[in-house]
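First the structure, in the form of structure tokens, and then the observations on it.
The values are calculated or read from the model by the stated rules, or taken from the named source; none is laboratory data. Source: prediction; values computed, not measured. With ideal geometry, Cβ positions are generated from the backbone for all residues, glycine too; neighbour counts draw on all protein chains shown. Note: areas computed on protein heavy atoms with side chains; ligands, DNA, RNA excluded. Shrake-Rupley method; radii C 1.70, N 1.55, O 1.52, S 1.80 Å.
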Amino acid sequence: MTSYTQRYISGDHEGVWADLRRLGAVPDALVEDCAAVAAQTMHRVAGHVARLAEQLTDLGLVSSGTLLTPPTARDRAELAVLANEIGAMPIALDACLRYVGGVWFAGDCPALDECYVSADQYSVAGVLSDPLVLPDTEYLRYSWDEYREQLEDDPELAEEGFVFDFAPDELHKANISGSTHDVSLAQTVADPVIHGVSGRPGITLVDYLRLSISWGSMPGWSFKADHAPVALAGLRVHPDF
């Protein structure tokens, strides 16, 4: 039987991820194969992120955070510790933290009608562009430790399990009071759902990354494609993962 990794390398990117999602909790016998697919995927995502960081900087983006926080060997060691403490880690999320690291494309970029402190996003663009923001391992550690402290005060939180506040939502990314994009770490699934993404119920991490990369890291413009900034076209590519 052809492995998922072999199929993925041969170009069946969407088909492989669809099959991996259907597994639910990944059986132990398939974890290594699934992790290899996730590694292939996130290496490609990391390449796109590096390209976009350079292009966005050239367009004048002033990030409201740290533009990129590449993962280190120390981060990868910490991930192993965290996975043991948490008890489960979605495989695509582990690979994203392991190979992509922190990304913060939220900020001000007039060429892309992106606003944080310079102006009101709605007034300028009429849409929330949802710039790509991804967490790093350090933030996962912070979030997990905070959850454990809360658990000491309210043991009933254990019934829900650890929900990782993966990224700010579209509103927060535009400096408007909002919420978060969340990932449940309750079981070792291949590709976890990101909860709280406006207009995209049930979207998974890999599909969200595909969408974001295909829209030059600003997927909110897909809701108002006819009015997207001209400069955005130069950032858009068909995702190869």
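Structure above, values below:
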quantity: Near pairs, Cβ below 6 angstrom, 6+ apart or cross-chain, from segment 111-126 (small (Gly, Ala, Ser)) to any residue that is not in a loop (DSSP other than H, G, I, E, B); calculated: ALA111/ALA231; SER118/ASP108
quantity: Residues that are within 17 Å of LEU20 (Cβ to Cβ), part of a loop (DSSP other than H, G, I, E, B) and open to solvent by 30 Å² or more (accessible area, probe 1.4 Å), drawn from segment 185-201; calculated: GLN187, THR188
quantity: Complete set of residues in segment 143-160 that are in contact (Cβ under 8 Å) with a residue 24 or more places away in the chain and either out of contact with any strand residue (DSSP E or B) (no Cβ under 9 Å at 6 or more places or on another chain) or among the acidic types (Asp, Glu) (or both); calculated: none
quantity: Qualifying positions in segment 204-231 - β-branched (Val, Ile, Thr) and either more than 16 Å from PHE105 (Cβ to Cβ) or not in a helix (DSSP H, G or I) (or both); calculated: THR204, VAL206, VAL230
quantity: Condition met for LEU140 (in contact (Cβ under 8 Å) with a residue 24 or more places away in the chain and within 24 Å of GLN40 (Cβ to Cβ)); calculated: yes
quantity: Verdict on ALA225 being at pLDDT 95 or above and surrounded by 19 or more Cβ atoms within 10 Å (Cβ to Cβ); calculated: no
quantity: Elements of type helices (runs of 4 or more DSSP H) contained in segment 32-131, each with 3 or more residues being among the small types (Gly, Ala, Ser) and open to solvent by 30 Å² or more (accessible area, probe 1.4 Å); calculated: 73-86
quantity: Residues located in segment 10-31, provided they are aliphatic (A, V, I, L, M) and either touching a Phe, Trp or Tyr at 6+ places or on another chain (Cβ under 8 Å) or open to solvent by less than 60 Å² (accessible area, probe 1.4 Å) (or both); calculated: VAL16, ALA18, LEU20, LEU23, ALA25, VAL26, LEU30, VAL31
quantity: Evaluation of GLU152 against (1) over 30 Å from TYR8 (Cβ atoms); (2) open to solvent by less than 70 Å² (accessible area, probe 1.4 Å); (3) assigned to a helix (DSSP H, G or I); (4) of a type outside the set (Ser, Thr, Tyr) (one fails), failing number; calculated: (2)
quantity: Residue within segment 161-180 that is touching a residue at least 24 places away in the same chain (Cβ under 8 Å), open to solvent by 50 Å² or more (accessible area, probe 1.4 Å) and part of a loop (DSSP other than H, G, I, E, B) present; calculated: yes
quantity: First in segment 212-231 and over 18 Å from SER123 (Cα atoms), second anywhere and hydroxyl-bearing (Ser, Thr, Tyr), Cβ under 7 Å, 6 or more apart; calculated: TRP215/SER222; PRO219/SER212
quantity: GLY11 being within 16 Å of VAL206 (Cβ to Cβ), free of Cβ contacts under 8 Å to residues at least 40 places away in the same chain and not in a helix (DSSP H, G or I); calculated: yes
quantity: Test: THR204 is among the polar types (S, T, N, Q), in contact (Cβ under 8 Å) with a residue 12 or more places away in the chain and within 20 Å of LEU68 (Cβ to Cβ); calculated: no
